[in-house]
There are 4 protein chains.
Amino acid sequence: MKNNRPKYYQIIDAAVKVFAENGFHGSQVSKIAKAAGVADGTIYLYFKNKEDILITMFKEKMGQFIDRTVHQINQKKNANEKLLTLIEMHFTQLSEDRNLAIVTQLELRQSNYELRYEINSVLKPYLTVIDNILMEGINDKLFRDNLKIPLVRQMIFGTLDEIVTNWVMKDCKYDLTAEVEQVHQLLIGGICRIDKIV
Amino acid sequence: MKNNRPKYYQIIDAAVKVFAENGFHGSQVSKIAKAAGVADGTIYLYFKNKEDILITMFKEKMGQFIDRTVHQINQKKNANEKLLTLIEMHFTQLSEDRNLAIVTQLELRQSNYELRYEINSVLKPYLTVIDNILMEGINDKLFRDNLKIPLVRQMIFGTLDEIVTNWVMKDCKYDLTAEVEQVHQLLIGGICRIDKIV
Amino acid sequence: MKNNRPKYYQIIDAAVKVFAENGFHGSQVSKIAKAAGVADGTIYLYFKNKEDILITMFKEKMGQFIDRTVHQINQKKNANEKLLTLIEMHFTQLSEDRNLAIVTQLELRQSNYELRYEINSVLKPYLTVIDNILMEGINDKLFRDNLKIPLVRQMIFGTLDEIVTNWVMKDCKYDLTAEVEQVHQLLIGGICRIDKIV
Amino acid sequence: MKNNRPKYYQIIDAAVKVFAENGFHGSQVSKIAKAAGVADGTIYLYFKNKEDILITMFKEKMGQFIDRTVHQINQKKNANEKLLTLIEMHFTQLSEDRNLAIVTQLELRQSNYELRYEINSVLKPYLTVIDNILMEGINDKLFRDNLKIPLVRQMIFGTLDEIVTNWVMKDCKYDLTAEVEQVHQLLIGGICRIDKIV
DNA sequence: TATGAATGAGGTTTCATTCAT
DNA sequence: TATGAATGAAACCTCATTCAT
């Protein structure tokens with residue numbers, strides 16, 4: 001049904017651009033409307049309010065983000081490769097849509113408590129994808145069996161998130177995807193020399 | 001000099017509390033003034049504007065945060081122990097001042113570009129502390145010699161930050177410091193079984 | 001002709017209900033349309049604008065109101081009985097259609113100058129009915145011959161109107177028609193003891 | 001205290017004028033502010049919102065209205081004269097402040113349910129004044145002893161209100177106070193010839 | 001230094017009305 | 001006739017900041 005609603009996507013796409021360029025607070029609804037080529041009031045036929053544009057946009061984009069990630073991961077045969085793919089997909093997708101990256105890394109954080117909880121629930125399926133990789137790795141004896149999954153997931157997500165945020169803060173000037181291998185190595189093997197690990 | 005300005009600290013302390021309880025946007029200057037027991041206008045004798053309260057507060061608190069961390073780290077004899085101490089200090093200090101934790105993890109992010117750059121510059125010395133530990137570890141052959149320090153620093157900081165944010169979002173309900181050891185193990189040794197590391 | 005336009009009456013009847021339940025300002029055109037089972041745009045095939053619904057509805061209802069009143073009055077043989085009948089009809093008809101009562105006593109007043117003048121012109125025939133009763137009463141030497149008719153009409157209408165408004169404001173909880181006799185006595189004989197009238 | 005708040009009265013006086021000239025809905029807060037010679041925001045230092053201006057204004061004016069009326073009434077020695085004085089004061093005071101008359105007779109009615117209940121509570125003391133006159137008249141055997149006071153009060157108030165509204169609707173073109181005597185006669189003695197009263 | 005009354009810019013949202021189908 | 005998606009004007013109120021005292 002939503003596919004038959006071109007204005008819905010016009011508005012979302014305009015919003016990503018406008019939010020990225022002006023920040024959430026600097027993006028007046030009228031500015032988004034103008035960018036989308038619709039009247040101000042039309043926005044409210046598709047979205048409850050300004051915040052709803054942000055969160056709905058995030059849901060749509062995150063849905064695609066996860067779908068594509070899962071699709072690629074499913075073609076890999078072990079947890080190690082899956083983690084590598086996850087990192088690669090994470091960096092690649094955000095590299096390819098820098099406006100989206102700006103919005104997810106910066107604008108989306110500028111929100112109140114309620115919105116933040118909504119964001120977390122949208123993010124949840126992605127975190128589950130990470131959890132599943134970890135469980136698979138443990139089952140297959142690839143990963144340590146004493147891993148506390150939530151903690152590891154927080155390390156993985158926190159690491160990726162911080163790296164992307166730094167990249168965005170540096171105006172996306174360097175090639176984010178160049179880091180994929182090293183990040184994977186770090187997460188897999190830690191920073192210690194093998195012979196020193198107790 | 002600042003010690004002779006008790007209202008300066010009154011306002012900062014009131015601001016931490018008010019920001020933590022109401023969020024940045026929900027914290028009207030008049031609310032902070034009332035909590036600090038001064039007139040609205042007095043705020044502007046000590047701070048340039050509302051954002052300046054936030055950033056100055058962060059500078060003050062982060063200064064102490066770093067000083068204490070460095071002091072503890074300096075008493076450790078190798079990079080490995082220093083990293084453990086850093087994690088411990090990070091979690092302990094935020095555990096002990098939950099209002100500050102709320103402000104640093106949530107409210108501080110709700111800011112515009114310029115503020116964010118200022119925040120980064122305040123954060124810089126802390127990131128340097130991490131870098132120094134890493135360099136020491138590499139020099140002492142404790143850590144791998146092919147580590148890309150900025151990346152590792154981002155992993156470490158991103159991990160700690162994400163863990164603390166999760167804890168704050170869960171209303172600080174559990175004991176954050178209980179995780180110190182495991183986080184250290186993860187960062188040091190990664191998630192892979194040693195015998196599987198290529 | 002209008003009888004061939006069922007939607008016209010559908011809309012009017014829906015409007016009475018919606019106005020009564022939500023007030024004029026709380027009754028969006030789309031709400032009336034939905035209640036009438038027609039599309040928003042259809043409203044504008046039958047009515048000039050939202051106010052026109054209100055005034056047209058009032059015209060229709062007031063027309064019936066007056067017709068029924070006149071019909072009953074014509075069966076009475078003197079001004080005194082006619083006045084009693086007018087009071088009775090006034091209270092009875094509004095008692096029997098409480099939504100209409102709410103609209104006439106409350107919502108209809110929430111209007112701008114122009115609408116108010118239109119309302120007055122709709123009301124005029126009713127006021128003429130009162131005037132006619134008064135003139136008949138004076139001619140037949142039933143009523144004083146020094147009555148200033150407009151003033152008396154204002155007393156009569158003002159009294160009835162105020163009583164009905166009070167009843168509506170008290171949620172139509174008591175039996176309005178029970179007051180008919182006493183109101184008639186008051187208007188006819190005033191409040192003074194007969195022996196005290198100079 | 002309020003006497004030390006000149007802006008409070010500046011705003012109220014400006015509001016009466018602006019409401020009378022433009023109607024409640026046509027009176028933007030900025031228009032009232034400009035008329036009062038203050039900034040828009042200043043309005044909100046003294047009033048909760050736009051409706052609060054209307055109701056507060058009505059409270060202030062009605063308070064004076066009642067005080068003056070009661071003061072005059074207290075100098076009269078019987079219920080009959082007191083009623084005459086009440087009518088006289090009612091017409092005189094509204095004649096002398098036509099803007100106030102417009103606001104009370106027209107604009108104040110354009111309000112939602114909640115406001116209407118507030119208005120009624122402001123009006124209550126005035127209705128009590130009428131009730132007291134009626135009770136005194138009954139006790140002194142001047143008025144009939146079978147009067148149902150609420151009903152009579154509604155007749156009296158409804159009559160006065162309707163007469164004033166008609167006068168306002170006719171642009172206050174004629175002398176309202178000229179009607180005082182006749183209105184009093186009507187309310188006291190009714191419309192019937194004495195010899196016809198059963 | 002300290003006050004706090006006053007300022008006034010700025011934006012989200014509603015909803016009556018239109019018009020292409 | 002009938003539809004209902006689209007329009008876009010319009011205004012209340014907040015709150016960071018100032019400045020006369």
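Just give me the residues in the range A:179-198 being touching a Phe, Trp or Tyr at 6+ places or on another chain (Cβ under 9 Å) and more than 9 Å from chain B (Cβ to nearest Cβ), in sequence order.
A:VAL180
Just the residues that are surrounded by 18 or more Cβ atoms within 10 Å (Cβ to Cβ) and either farther than 30 Å from D:TYR174 by Cα or among the polar types (S, T, N, Q) (or both), please, taken from the range C:157-177.
Across the range C:157-177, the qualifying residues are C:THR159, C:THR165, C:ASN166, C:TRP167, C:VAL168, C:LEU176.
Could you list, in sequence order, all residues of the range A:35-46 that are more than 8 Å from DNA strand E (Cβ to nearest atom) and either buried (at least 19 other Cβ atoms within 10 Å of the Cβ) or under 19 Å from A:VAL103 (Cα atoms) (or both)?
A:ALA35, A:ALA36, A:TYR46 - these are the residues of the range A:35-46 that are more than 8 Å from DNA strand E (Cβ to nearest atom) and either buried (at least 19 other Cβ atoms within 10 Å of the Cβ) or under 19 Å from A:VAL103 (Cα atoms) (or both).
What number goes with the only condition from (1) of a type in the set (Gly, Ala, Ser); (2) closer than 18 Å to B:VAL164 by Cα; (3) at pLDDT 95 or above that B:GLY23 does not pass?
Every condition holds for B:GLY23 apart from (3).
Being more than 12 Å from every other protein chain (Cβ to nearest Cβ), surrounded by fewer than 19 Cβ atoms within 10 Å (Cβ to Cβ) and touching a helix residue (DSSP H, G or I) at 6+ places or on another chain (Cβ under 9 Å) is the filter here, so list the residues in the range C:94-117 that pass it. Working first, answer last.
Within the range C:94-117, the subset more than 12 Å from every other protein chain (Cβ to nearest Cβ) is C:94-101, C:103-104.
Now narrow it down to the ones that are surrounded by fewer than 19 Cβ atoms within 10 Å (Cβ to Cβ): C:95-99.
Selection gives C:SER95, C:ASP97, C:ARG98, C:ASN99.
Is there a residue in the range C:157-168 that is modelled with pLDDT under 95 and more than 7 Å from chain D (Cβ to nearest Cβ)?
No, the range C:157-168 has no match at all.
Here's the yes/no breakdown for (1) under 24 Å from D:LYS170 (Cα atoms); (2) charged (D, E, K, R):
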{"site": "D:ILE43", "(1), (2)": "no, no"}
{"site": "D:GLU60", "(1), (2)": "no, yes"}
{"site": "D:GLN64", "(1), (2)": "no, no"}
{"site": "D:ASN99", "(1), (2)": "yes, no"}
{"site": "D:GLN110", "(1), (2)": "yes, no"}
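So D:VAL16 ticks every box in (1) assigned to a helix (DSSP H, G or I); (2) more than 30 Å from D:ALA178 (Cβ to Cβ); (3) not acidic (Asp, Glu) but one. Which box is left unticked?
All conditions pass for D:VAL16, except number (2).
Within the range A:1-31, restricting attention to residues that are more than 8 Å from DNA strand E (Cβ to nearest atom) and β-branched (Val, Ile, Thr), which residue is nearest to the chain's Cα centre (by Cα)?
Step by step, filter the range A:1-31, then rank; the result is A:VAL16.
Condition first: more than 7 Å from every other protein chain (Cβ to nearest Cβ) and either surrounded by 18 or more Cβ atoms within 10 Å (Cβ to Cβ) or acidic (Asp, Glu) (or both). Now tell me which residues in the range D:142-156 satisfy that. Quick ask: steps written out before the conclusion?
The first filter runs over the range D:142-156 and keeps only residues more than 7 Å from every other protein chain (Cβ to nearest Cβ), leaving D:145-146, D:149-150, D:153, D:156.
The answer is D:ASP145, D:ARG153, D:ILE156.
Residues that are away from chain B (no Cβ under 14 Å) and within 16 Å of DNA strand F (Cβ to nearest atom): does the range A:56-63 have at least one? Let's see the steps before the verdict.
Initially, the range A:56-63 is screened for residues away from chain B (no Cβ under 14 Å), giving A:56-63.
Of the ones still in play, those that are also within 16 Å of DNA strand F (Cβ to nearest atom) are A:56.
Yes, some residue in the range A:56-63 is away from chain B (no Cβ under 14 Å) and within 16 Å of DNA strand F (Cβ to nearest atom).
Does the range D:56-73 contain at least one residue that is within 16 Å of DNA strand E (Cβ to nearest atom) and surrounded by fewer than 20 Cβ atoms within 10 Å (Cβ to Cβ)?
yes
Listed residues C:ASN99, C:ASN74, C:ASN78, C:ASN49; which is more than 16 Å from the chain's Cα centre (by Cα) and touching a residue at least 40 places away in the same chain (Cβ under 8 Å)?
So the residue among C:ASN99, C:ASN74, C:ASN78, C:ASN49 that is more than 16 Å from the chain's Cα centre (by Cα) and touching a residue at least 40 places away in the same chain (Cβ under 8 Å) is C:ASN78.
Residue by residue, here is whether (1) part of a helix (DSSP H, G or I); (2) within 11 Å of DNA strand F (Cβ to nearest atom); (3) at pLDDT 95 or above holds:
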residue: D:LYS34; (1), (2), (3): yes, no, yes
residue: D:VAL38; (1), (2), (3): no, no, yes
residue: D:GLY41; (1), (2), (3): yes, yes, yes
residue: D:LEU45; (1), (2), (3): yes, yes, yes
residue: D:ILE53; (1), (2), (3): yes, yes, yes
residue: D:ASP67; (1), (2), (3): yes, no, yes
residue: D:VAL70; (1), (2), (3): yes, no, yes
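The values are calculated or read from the model by the stated rules, or taken from the named source; none is laboratory data. Bear in mind the structure is a predicted one, so any value in this text is a computation, not a measurement. Please note: Cβ atoms are built from the backbone with ideal geometry, for glycine as well, and neighbour counts cover all protein chains shown.
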